[in-house]
Ligand SMILES: Cc1cc2nc3c(=O)[nH]c(=O)nc-3n(C[C@H](O)[C@H](O)[C@H](O)COP(=O)(O)OP(=O)(O)OC[C@H]3O[C@@H](n4cnc5c(N)ncnc54)[C@H](O)[C@@H]3O)c2cc1C
Ligand code: FES
Ligand code: FES
């Protein structure tokens with residue numbers, strides 16, 4: 001096993017990306033995934049350990065030109081407390097509210113949740129339904145280069161993403177949701193706090209006169225990565241919701257997922273839960289005035 | 001795995017501390033095994049029980065999930081540091097008067113989490129207190145007396161000035 005031979009705690013993006021360009025490194029932000037993974041040896045150790053927690057530039061929530069930007073180091077607690085997000089994109093705040101515990105939320109970062117790439121990662125689902133992009137930064141030609149990609153293309157498997165070794169997730173951004181956007185996040189676990197989602201469902205779309213003009217749906221913990229529910233989306237738009245229609249749409253959701261059985265739940269139970277959560281969510285949305 | 005050490009300095013319960021720690025060590029191990037402050041408890045080592053709760057720059061976190069090297073330049077408060085010049089803190093006194101402690105293993109973590117709730121907003125509901133201690137497990141009390149204690153401390157603090165950050 002490799003040894004940790006170097007420790008760095010850079011304070012700026014140019015500093016960090018230059019260190020990343022020098023060779024294999026393990027980064028940590030809040031450490032809530034990395035510390036337990038290292039302790040049990042579940043993570044290959046690289047020669048350099050980088051504490052990215054000191055990059056003030058990567059922390060914070062802002063809006064400009066109709067785009068909301070959340071820095072990669074923003075904590076889940078900061079997202080939960082953000083009045084602006086509550087107002088324009090409450091679905092993200094709803095997910096932060098079911099995340100772990102107060103102590104974990106204070107340390108856990110958005111970038112860490114996304115880059116840990118758990119199929120059950122709670123902050124990923126609301127961002128998928130908001131059509132978010134990730135911004136990845138690296139050191140190229142003597143300066144910081146940035147590239148963007150849709151969040152829905154970022155994940156390649158459990159714990160695996162398109163991020164390169166020399167890149168850091170600088171921010172996540174998404175268009176300010178249009179007026180009349182409805183957003184919901186539901187997570188099912190065996191207890192209300194400190195639970196990894198058995199399954200989770202996210203929904204966002206513009207709802208007018210009892211009907212979705214557009215809709216995005218995402219599911220957590222039912223596939224090797226968090227996924228968009230394209231069939232469910234198609235079944236949902238331009239349909240006047242009523243009891244029968246809701247049941248039909250929930251059935252599309254159920255047919256669209258193919259989860260596995262593991263220690264937390266069987267495939268059958270997960271599939272059933274997707275239907276149930278989808279149905280409840282749509283009933284609730286249907287009963288809420290536009 | 002071999003790993004290098006790093007010298008870090010920080011403020012611990014109001015005093016300056018300078019130690020060298022292996023860079024992969026967690027804060028709980030540093031506090032208990034290196035600095036011999038055993039008031040902060042090791043319950044699960046994975047963020048589930050809250051027995052290791054400490055304040056870092058006034059914010060409650062699980063010491064078992066935090067890299068010790070990340071303490072550099074920060075201000076830590078552990079259960080050993082919540083006492084004031086007049087003796088026990090408001091939160092500690094409330095735990096005693098409400099009988100919120102039995103075996104006591106969860107108590108340091110709950111006092112730290114309670115203290116952080118109290119510092120954040122003195123006006124929180126019982127429902128918010130319940131949500132606030134979601135990350136703390138207690139196998140003895142059944143939580144009712146813990147919730148009473150935190151509510152009592154909040155009440156007595158509303159009239160008194162802020163005592164700790
Ligand atoms: C008790 C407990 C409860 C939990 N509950 C939940 C829960 O309810 N929902 C949930 O989704 N998760 C949960 N988690 C998992 C974890 O807290 C989250 O995934 C958290 O958001 C990780 O953030 P972090 O900053 O702590 O990441 P770290 O542990 O610091 O890093 C995680 C990974 O991301 C990489 N990384 C971090 N930041 C960046 C960046 N900016 N750019 C590139 N790579 C980066 C690291 O290299 C590492 O691979 C829980 C964990 C614990 C211990
Ligand atoms: S020991 Fe840290 S949460 Fe249990
Ligand atoms: S008093 Fe024993 S665990 Fe809480």
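Within the range A:8-61, how many residues are free of Cβ contacts under 8 Å to residues at least 60 places away in the same chain, over 14 Å from residue B:23 (Cβ atoms) and within 16 Å of ligand 2 (Cβ to nearest atom)? Number of matching residues: 3.
Restricting the range B:22-57 to residues that are without any contact (Cβ under 8 Å) to a residue 12 or more places away in the chain and not in a loop (DSSP other than H, G, I, E, B) leaves a set whose member that is farthest from ligand 3 (Cβ to nearest atom) is B:33.
Only residues that are in contact (Cβ under 8 Å) with a residue 12 or more places away in the chain and not in a helix (DSSP H, G or I) were counted across the range A:78-133, and they come to 19.
The residues listed here are B:61, B:69; of these, the one that is at the interface with another protein chain (Cβ under 9 Å from one of its Cβ atoms), assigned to a strand (DSSP E or B) and either farther than 23 Å from residue A:49 by Cα or at pLDDT 95 or above (or both) is B:61. The C-beta contact set for the range B:137-154 (first residue closer than 23 Å to residue A:191 by Cα and away from every other protein chain (no Cβ under 14 Å), second residue assigned to a helix (DSSP H, G or I) and near ligand 3 (Cβ under 8 Å from one of its atoms), distance under 7 angstrom, 6+ apart or interchain) comprises B:146/B:110.
Somewhere in the range A:188-199, is a residue assigned to a loop (DSSP other than H, G, I, E, B), more than 14 Å from every other protein chain (Cβ to nearest Cβ) and either buried (at least 20 other Cβ atoms within 10 Å of the Cβ) or more than 16 Å from ligand 2 (Cβ to nearest atom) (or both)? Yes. Within the option set A:44, A:24, being at pLDDT below 95, more than 12 Å from chain B (Cβ to nearest Cβ), surrounded by fewer than 20 Cβ atoms within 10 Å (Cβ to Cβ) and more than 18 Å from residue A:114 (Cβ to Cβ) holds for one residue only, A:24.
When B:64, B:18 are screened for being within 16 Å of ligand 1 (Cβ to nearest atom) and either over 29 Å from residue B:148 (Cβ atoms) or buried (at least 24 other Cβ atoms within 10 Å of the Cβ) (or both), only B:64 passes. When A:137, A:170, A:204, A:215 are screened for being in a strand (DSSP E or B) and farther than 22 Å from residue A:117 by Cα, only A:215 passes.
The values are calculated or read from the model by the stated rules, or taken from the named source; none is laboratory data. What you see is a predicted model; the values in this text were computed from it and never measured. Cβ sites come from the backbone with ideal geometry, for glycine too, and all protein chains shown count toward neighbours.
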